[in-house]
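The numbers here are math on the coordinates, done by the rules we state, and not lab data. Note that the coordinates shown come from a computational prediction; the quantities given were computed from them, not determined experimentally. All Cβ positions, glycine included, derive from the backbone under ideal geometry; neighbour counts span all protein chains shown.
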Amino acid sequence: MITLHTVAELRAAVTAARNTGKLIGLVPTMGNLHSGHVALVTEMRERADFVVASIFVNPLQFGPNEDLDSYPRTLAADQEKLQQAGCDLLFAPSVAEVYPNGPSLQTRISVPGVSEGLCGAKRPGHFEGVATVVSKLFNLVQPDVAIFGQKDYQQLAVIRAMVRDLNMPIEIIGAATVRAEDGLALSSRNGYLTPEQRQVAPVIQRVLQDIASAIRGGERRFESLTEKGDQQLSTAGLRLDYLEVCQASSLRPATSQDRDLVILVAAFLGTTRLIDNLHLDLDQPV
């Protein structure tokens, strides 16, 4: 695996691979890699001939009171994990390389609709920052296929909408969420949890499972289900940010007629904000 830090080096390396007929795959990350990220690279290794991973902590997607400065940066450990997973090229640019005129003067991409509720409502500007940096990476690498984890369900929906609306010739893969044995979705921010909080955190997935079971059983009073879930989380010591049942593709609030659903949650455990979701297709057998 080679590690490159400039746009010029990246373009030259990817062009050389493409000129030999290789299918190009991209795995965008912010680093501090865990088993979930490794699974993305492993899956991409099966789909593409030349696997590019990026590590970039993107300032555009962090709010003024969020953890940009403290976000873990672990390049050496990340390089080792990527190499073991079969990555061919790591692009690890500086902020100045990605935003040469500074983030404040960067042209930005807004994706209406799917970006506006849930995390989009709670973190203004977040998905504009995500769409902007992902579009830049797509333009730099020009991948045939790119992969994103389903844990960030709304992010995946935003990227799919952007690719569709802007006619980008890229296949977008949504990879299943990788979880710890107790059900907690793997996240770089899990490292912020104290040992005691880490024992509590799996309640998030249990609440999602309880709601899904009730819906499969015929319950359609979604507001009642989410209120009960809020109580469960609060009793366990979490502070709810949102808990909603949505239509899976549009992310609009679900109605009793919808069959393809996703239950999405964000909650604070101490100062750490955790997200998770559960996709529920009522037309598929359990």
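What to note about this one:
- The angle separating the long axis of helix 35-47 from the principal Cα axis of greatest extent in the chain is about 60 degrees.
- Note on the stretch 188-278: Cα-Cα pairs beyond 18 Å make up 42% of the total pair count.
- Relative exposure of ILE173, ILE159, judged by other C-beta atoms within 10 Å (fewest first): ILE173, ILE159
- Charge tally in the Cβ shell below 14 Å around ASN101, where Lys, Arg are +1 and Asp, Glu are -1, ASN101 excluded: +1
- Segment VAL286..ARG206, full-extension length gain: 27.1 nm, with 0.36 nm per residue of separation and the alpha-carbon distance subtracted.
- Fewest-first ordering of TYR99, TYR153, TYR71 by other beta carbons within 10 Å of each residue's beta carbon gives TYR71, TYR99, TYR153.
- Note that the stretch 2-175 shows a convex hull volume over its alpha carbon atoms of 109 Å³ per residue.
- Here ILE215, ILE263, ILE147 are placed in order of increasing Cβ neighbour count within 10 Å, fewest first, which gives ILE215, ILE147, ILE263.
- Charge tally for VAL265 (other residues, Cβ to Cβ under 9 Å; Lys, Arg +1; Asp, Glu -1): -3.
- Here the average projected area of the convex hull drawn through the C-alpha atoms of the stretch 1-96 stands at 6.4 nm².
- Helix 75-85 axis versus longest C-alpha principal axis of the chain: approximately 90°, rounded to the nearest ten.
- Candidates GLY129, GLY31, GLY217: whichever shows maximal mean-square fluctuation once the chain is modelled as a Gaussian network with Cα springs under 10 Å: GLY217
- Nearest-ten-degree value, helix 222-236 long axis tilted from longest Cα axis of the chain: 80
- Taking Lys and Arg as +1 and Asp and Glu as -1, the other residues whose beta-carbon sits under 9 Å from that of CYS246 total -1.
- Compactness of the stretch 123-276 was expressed as the Cα radius of gyration divided by 2.2 N^0.38 Å, which yields 1.13.
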